[in-house]
Amino acid sequence: MNSKNYNHAEAYCLMKYKCEKCGTVETLWNSRDGVTPFMINCEKCNEHMQHIDWNADERKTNYIPKIGQRVFIDMPVDYYKVFCRVRAKQIKDNVEGNTDTLQKIYNNLIKEYNKNEPFIIKI
Ligand SMILES: [Zn+2]
């Protein structure tokens, strides 16, 4: 595997994840030269899946995902904006002593946007 042309070892790799609880094994594809998480959620039982057999990650730059397969992409700004609305409300409702307006909390969260963060889509 030649990784010197990429910024991340997992660029364009097929990566195997296994659920700690129900044992489901799933292969996700990283569609970009970007980071991927060590843990993701299991669609079957909603517990944690862990990246396994990482030395067997297979780089396939021309890979075509299967229908129903999950794929890592860059964080979509439209998703992030909606997520920040929800998160701002949670902070407003649950964080003791927070006197900031909902708008201010939202504005602070939006500043943290980083398109290089991984996001999972299902094809
Ligand atoms: Zn599971």
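Under 5 Å between amide hydrogens, built in the peptide plane, is the criterion, and for E58 it picks out L14 among residues at least 5 positions away or on other chains.
Remark: the stretch 106-123, residue by residue, has Karplus-estimated 3J(HN,Hα) of 4, 4, 5, 5, 4, 4, 7, 4, 9, 5, 7, 5, x, 9, 9, 10, 10, 7 Hz, where x stands for each Gly or Pro and the curve is 6.51 cos²θ - 1.76 cosθ + 1.60 at θ = phi - 60°.
For the stretch 1-96, GluC sites (Glu not before Pro) meeting the loop criterion (DSSP other than H, G, I, E, B) and having at most 16 other Cβ atoms within 10 Å: E20, E43, E47, E96. Helical content of the chain, expressed as a calculated mean residue ellipticity at 222 nm, amounts to -7500 deg cm²/dmol (DSSP H runs of 4 or more residues, -39,500 (n - 2.57) each, divided by residue number, nearest 500).
Out of every Cα-Cα pair in the chain, what percent are more than 22 Å apart? The proportion of pairs with Cα distances above 22 Å equals 47 percent. Rounded to whole numbers, the Karplus 3J(HN,Hα) couplings from phi for the stretch 71-77 are 9, 7, 10, 5, 4, x, 4 Hz, using 6.51 cos²θ - 1.76 cosθ + 1.60 with θ = phi - 60°, and x at Gly and Pro.
No value in this document is a laboratory result; all are computed from the given coordinates. Predicted, not measured: the structure shown is a model, and the values here were computed from it. Every residue, glycine among them, receives a Cβ derived from its backbone with ideal geometry; neighbour counts consider all protein chains shown.
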